[in-house]
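Written below as structure tokens is the structure these notes are about.
The values are calculated or read from the model by the stated rules, or taken from the named source; none is laboratory data. Small disclaimer: the values here were computed from a predicted structure and weren't measured. Methodologically, a virtual Cβ is constructed for each residue, glycine included, from the backbone with ideal geometry; neighbour enumeration extends over all protein chains shown.
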Amino acid sequence: MTAVEAGNDDIRRIEAEALPTRFARGWHCLGLSEKFKDGEPHTVNAFGQKLVVFQSGDGRINVLDAYCRHMGGDLSQGTIKGDEIACPFHDWRWGGDGRCKKIPYSRRVPLRARTAAWTTMDQDGLLFVWNDPEGNPPPPEVTIPRIEGATRDDWTDWVWTETIVNTNCREVVDNVVDMAHFFYVHYSFPTYFKNIFEGHVATQIMKGTGRQDTRPPAKDGEPRLLGNDSAASYHGPSFMIDDLTYHYDTMDINSVLINAHYPIDATSFVLHSGIIVQRTDKLSGPAADEMARKMSSFILKGFDQDVQIWKNKARIDNPLLCEEDGPVYQLRRWYEQFYVDVADVRPEMVERFEFELDTTRPVEAWKKEVEENLARKAAELSASTGRPA
Amino acid sequence: MTIRPDNRLLDAPMQPLTCRRCGAGVEVRKASWHQTSVQWNADAAGTCLERRTAGPGIFPGCAALRDSIVQAALDGEIAVPEES
């Protein structure tokens, strides 16, 4: 039941400041690293720029500004030659460190022949790139944690998807706190929900049951879904690892889900989903791969539902929240740390904040305990004063 | 970007609470019997026994602090709005 509060008849204005002009400091995933190991340079539009991603002869994957500092040629249209990327315009050779190593037709490389290079990390089959508008190297304490199942034989390979979304990437981060939208958009019914923001990590813990009204009942002999346990954390501004377990009446299915993005520019981003599933006695061989594919298409369906909303909605800096909503403002306060210089990160952006919703104990039980407490206090009072309370 | 205040805190702000076990001082708010918000600061994180002895990874929360909050709510020290 909703009580409508009367009183203020002013129209609530939606407010939105200009979009940020810088891109978040942090590790961003560019997708499966395999994709970049085909001997060809790749074009990646990210952080408002065009980048070239190439694997040098030494096996390292490098990321440079795509435009050659000589005459502006597009290096991502060039050729990999040994450890360098060669410009298609005049064959200038650029190393992964951003320095020009050689100009085949010139005796010496001019001074200042240096372009922007991004620090990369190839881990668990994924390529990460460090973005920092201040140009500092990545501090070790904000690195992306290892995903154990990604390199183990008893887990499936990644099922990976990439989608371009035409809105600012704050919209996807907002989902971390949006409890209510799980019910309306994703047909899931959380019985326990918790957000924790601390340091550079934002976590969402959720236990839920599937909504009976939106899924067909299990047929005879098929495992029946009882619920799910999810612990998902953004490690920095853009890479979320979700340890997700589905509980069936006959088995548990363990999976790791990745929800990641990198900004193309202020009004578009690339949204990635990835999933691996653990193989078990009850879910072995192709059945596990099939499960991973199924879950991937289920996630994509969820993304599509989100995208439909994002495509049409307004950016809003002053959402009007009711008590049943999650901590949107506190999440954005956390998210802001990635958009200011390190020296300007304020304690409130990184100090621990918890938001918990636990519906497993019915309200009646709470109320009963309060009444008992009051009765006990009254009894104690009357015993100590010798008068009935 | 300006960091804006949560509109819900205007009507019912966070309230100070001291953990009954270790004395860590945090701010707490309950929107209902089911919902709890906790704002920690550096002092509280340094004082909390469970926080200090927790291993690496995500610290899900302090059980003693949780008990303290429940007790404070049951004792009427932390306000819990009536549900309609």
Matching residues, the range A:300-322, being more than 14 Å from every other protein chain (Cβ to nearest Cβ) and in contact (Cβ under 8 Å) with a residue 60 or more places away in the chain: A:Leu300, A:Gly302, A:Phe303, A:Gln305, A:Asp306, A:Val307, A:Ile309, A:Trp310, A:Lys311, A:Lys313, A:Ala314
Residues (surrounded by 15 or more Cβ atoms within 10 Å (Cβ to Cβ), assigned to a helix (DSSP H, G or I) and either of a type in the set (A, V, I, L, M) or in contact (Cβ under 8 Å) with a residue 60 or more places away in the chain (or both)) located in the range A:334-389: A:Trp334, A:Tyr335, A:Gln337, A:Phe338, A:Tyr339, A:Met349, A:Val350, A:Val370
Any idea which of (1) farther than 23 Å from A:Tyr335 by Cα; (2) away from every other protein chain (no Cβ under 13 Å); (3) modelled with pLDDT of 80 or more is the one A:Asp229 doesn't satisfy? (2)
What number goes with the only condition from (1) under 27 Å from B:Asp67 (Cβ atoms); (2) modelled with pLDDT of 95 or more; (3) facing another protein chain (nearest Cβ under 9 Å) that A:Leu331 does not pass? (3)
Looking only at the range A:115-130, count how many residues are of a type in the set (Gly, Ala, Ser) and assigned to a loop (DSSP other than H, G, I, E, B). 2
Exactly one condition in (1) surrounded by 21 or more Cβ atoms within 10 Å (Cβ to Cβ); (2) modelled with pLDDT of 95 or more; (3) within 14 Å of chain B (Cβ to nearest Cβ) is not met by A:Ser238; state its number. (3)
Filter result (part of a loop (DSSP other than H, G, I, E, B), in contact with a Gly (Cβ under 9 Å, 6 or more places away or on another chain), β-branched (Val, Ile, Thr) and more than 23 Å from A:Thr280 (Cβ to Cβ)) within the range A:144-174: A:Ile144
Can you find a residue that is in a strand (DSSP E or B), touching a Cys at 6+ places or on another chain (Cβ under 8 Å) and within 27 Å of A:Thr143 (Cα to Cα) anywhere in the range A:235-252? yes
Sort out for me the strands (runs of 3 or more DSSP E) sitting completely within the range B:1-78 that have 3 or more residues that are at pLDDT 95 or above and more than 10 Å from every other protein chain (Cβ to nearest Cβ). B:15-18
Which numbered condition in (1) touching a residue at least 60 places away in the same chain (Cβ under 8 Å); (2) buried (at least 21 other Cβ atoms within 10 Å of the Cβ) is the only one that A:Ser268 fails? (2)
Is it true that some residue in the range B:13-21 is of a type in the set (Lys, Arg) and over 11 Å from the mean Cα position of the chain (by Cα)? yes
Count of residues meeting criterion [exposed (fewer than 13 other Cβ atoms within 10 Å of the Cβ) and touching a Ser or Thr at 6+ places or on another chain (Cβ under 8 Å)] in the range A:284-299: 0
Check A:Leu30, A:Leu19 and return the single one that is touching a residue at least 24 places away in the same chain (Cβ under 8 Å), surrounded by fewer than 22 Cβ atoms within 10 Å (Cβ to Cβ) and within 28 Å of A:Tyr335 (Cβ to Cβ). A:Leu19
